[in-house]
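The values are calculated or read from the model by the stated rules, or taken from the named source; none is laboratory data. Not measured: the values here are computed from a predicted model. Here the Cβ is made from the backbone with ideal geometry for all residues, glycine too, and neighbour counts use every protein chain on show.
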Amino acid sequence: MNKRKTHNYPLNLIVSEFEEKMDNGVVDYMNENTLFQLIDYYDQDFRMNHALEVVDIAKSQYPYNPEFYIIEARLLIKENKFEEAQKSIEHAKMHTPYDIEVQLLSAQVLALQCQTDEALQIIEHIKNTSSQTDLLDTLFSEAIIYEIMKDFEKMFYTLKQALYINPNNHQALEKMWVSVELSKKYEESIIFHEELLEKDPYSYLAWYNLGHAYSCIGEYKKAIESIEYSFLINESFEAGYRDCAELCLHIKNYAKALDIFEKALEVIGEECDIYVCIAECHIFLGQFAKAKVQLMKALKLDPFNDEIFYYLGECFASNNEWKRAIKLYLKAIEIEDRREEYFGALAHAYSCIKEYTKADYYFRKATETGPEQDLYWSMHTKFLIDIDAIDGALEVIEEAFHCTVSSELEYLKAVCYFKLNKRKKALRILELALEDNFELHDLLFEVMPSLKEDRDIYFMLKYYKAEAISLS
């Protein structure tokens, strides 16, 4: 049921005239289309109280139009006012007792009130009596009820039924990815969406869902290719650009990510987050001057975005302008103090200007903020080894092993014992590290170059290299 039509009168004038009259306490009689436009406007602007006020006016002026009660119910559901929503549905039933939309909405409200058996009974009754056209809407509503019940497997299979009826139903395709992600039906989703694409190779949402399923099983190249089709088919599909570019970043294909973000900018228009993403790509590509240009554009749009200041700090750090970098990192932390990479970068910058007390403090802040990230434990340990604080380095390593698992820290632990001249213990720890991850052995020489001349280590590496080759 949808009686709404596009009104030629500019919406901003409709809204301003309406609000002026409301302020003056005067409400004229309005046509239905104007009321629909006002409700939609306030709903999309997240001004729910205003939308409900307009609904009240609409009900008083058109008391026999059930659609205003249906709209009211939908708005109240968004506000989690389920009992009030049920009352609105009952009013709609008085005017149109056999309307499928009203019955489906009633089932949804019952499910939201944990009366799922009653909700599914309504759904089953409609399925047994409805036409093929109504069956699609009914199956979609059933899927929503399963989502409310957190039965994501049944949600997935119900949406499949709906999409077999209409493979291009956008609502079902949009919800399908939610069901796949939460039910973990990735392989089945791939097979199903490939079936849909055989019927309609231009379904951009099917390509999008297929790409996400591939990404969840680690098939990133196939995922990128699939999601790329989504925005090539629908050039205005923002999520396609963003998600495809993010996957490119994930596999470190920065050039492709940059290209996609730049295309997104052309389609979406100026947006702070996109400028920041473009800058991030330039930084990974070592193009720091270009990154600064993008970050300054972003700063004009959002002067309180912590990532802008962090990435500007990275640009100055790349040129060893540590004091300027420090100011920018501190600004980023002032805005957002729960990002371990900010503390890690700040600590490194302080270590580079030999302010070791501050460096130690901020390395600790990094590991406190992201204790599961072995990178920051390793950074802190290397820093302490560099300043010859070996006992402190060993304390950090022991603390780290309570929070994370890291082969790199095992190598660093071995280095610490070499530096303490506890050779037997160092070699024993090194042997364990080599067994665990031979590929990281160069870290030894990076942190303690003199170990390159050690004959015991030479023969140990030769042995474990042969072991690694035989295993591969």
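Would you confirm, using the coordinates I've provided, whether Ala317 is under 22 Å from Ile429 (Cα atoms) and not basic (Lys, Arg)?
Here the answer is no, as Ala317 does not meet what is asked.
Sort out which residues of the stretch 35-71 are out of contact with any Asp or Glu (no Cβ under 8 Å at 6 or more places or on another chain) and closer than 16 Å to Gln103 by Cα, and write them in order of number.
Passing the criteria: Glu67, Phe68, Tyr69, Ile71.
A quick yes/no check of all residues on (1) at pLDDT below 90; (2) of a type in the set (Phe, Trp, Tyr); (3) assigned to a helix (DSSP H, G or I):
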site	(1), (2), (3)
Asn33	yes, no, yes
Leu52	no, no, yes
Tyr64	yes, yes, no
Ile71	no, no, yes
Arg74	no, no, yes
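Only one residue in Ile227, Ile233 is out of contact with any Asp or Glu (no Cβ under 8 Å at 6 or more places or on another chain) and crowded, with 16+ Cβ neighbours inside 10 Å. Which one?
Every option except Ile233 fails the conditions.
Which residue pairs have Cβ atoms under 7 Å apart, sit 6 or more places apart or on different chains, and have a first residue in the stretch 128-148 that is crowded, with 23+ Cβ neighbours inside 10 Å and a second that is in a loop (DSSP other than H, G, I, E, B)?
As it stands, the answer is Thr138/Ser130, since those pairs meet every condition given.
If Glu372 satisfies all but one of (1) in contact (Cβ under 8 Å) with a residue 24 or more places away in the chain; (2) crowded, with 24+ Cβ neighbours inside 10 Å, what's the number of the condition it fails?
(2)
Of the residues that sit in the stretch 339-354 and are more than 12 Å from Phe383 (Cα to Cα) and not in a helix (DSSP H, G or I), which one is nearest to the chain's Cα centre (by Cα)?
Filtering the stretch 339-354 for residues that are more than 12 Å from Phe383 (Cα to Cα) and not in a helix (DSSP H, G or I), the one nearest to the chain's Cα centre (by Cα) comes out as Arg339.
Filter the stretch 428-459 down to the residues that are acidic (Asp, Glu) and either assigned to a helix (DSSP H, G or I) or closer than 10 Å to Ser407 by Cα (or both) and list them by number.
Of everything in the stretch 428-459, those that are acidic (Asp, Glu) and either assigned to a helix (DSSP H, G or I) or closer than 10 Å to Ser407 by Cα (or both) turn out to be Glu431, Glu435, Asp436, Glu439, Asp442, Glu446, Glu453, Asp456.
For the structure I just gave you, tell me whether Asp436 is surrounded by fewer than 16 Cβ atoms within 10 Å (Cβ to Cβ), acidic (Asp, Glu) and under 25 Å from Glu395 (Cβ atoms).
It is true that Asp436 is surrounded by fewer than 16 Cβ atoms within 10 Å (Cβ to Cβ), acidic (Asp, Glu) and under 25 Å from Glu395 (Cβ atoms).
For the structure I just gave you, tell me whether Ser179 is under 30 Å from Gly211 (Cβ atoms), crowded, with 18+ Cβ neighbours inside 10 Å and of a type in the set (Gly, Ala, Ser).
Considered against the rule, which asks whether it is under 30 Å from Gly211 (Cβ atoms), crowded, with 18+ Cβ neighbours inside 10 Å and of a type in the set (Gly, Ala, Ser), Ser179 comes out as yes.
Looking at Val54, Val26, which is the one that is β-branched (Val, Ile, Thr) and loosely packed, with under 12 Cβ neighbours inside 10 Å?
Just one listed residue meets the conditions, Val26.
Considering only residues that are in contact with a Gly (Cβ under 9 Å, 6 or more places away or on another chain) and under 21 Å from Leu375 (Cα atoms), which ones fall in the stretch 305-329?
Across the stretch 305-329, the qualifying residues are Ser318, Ala325, Ile326, Tyr329.
Only one of Lys127, Lys93 is part of a helix (DSSP H, G or I), more than 27 Å from Ile39 (Cα to Cα) and at pLDDT below 90. Can you tell me which?
Going through Lys127, Lys93 in turn, the sole match is Lys127.
Looking at His125, His193, His170, which one is of a type outside the set (Asp, Glu), over 21 Å from Gly211 (Cβ atoms) and without any contact (Cβ under 8 Å) to a residue 40 or more places away in the chain?
His125
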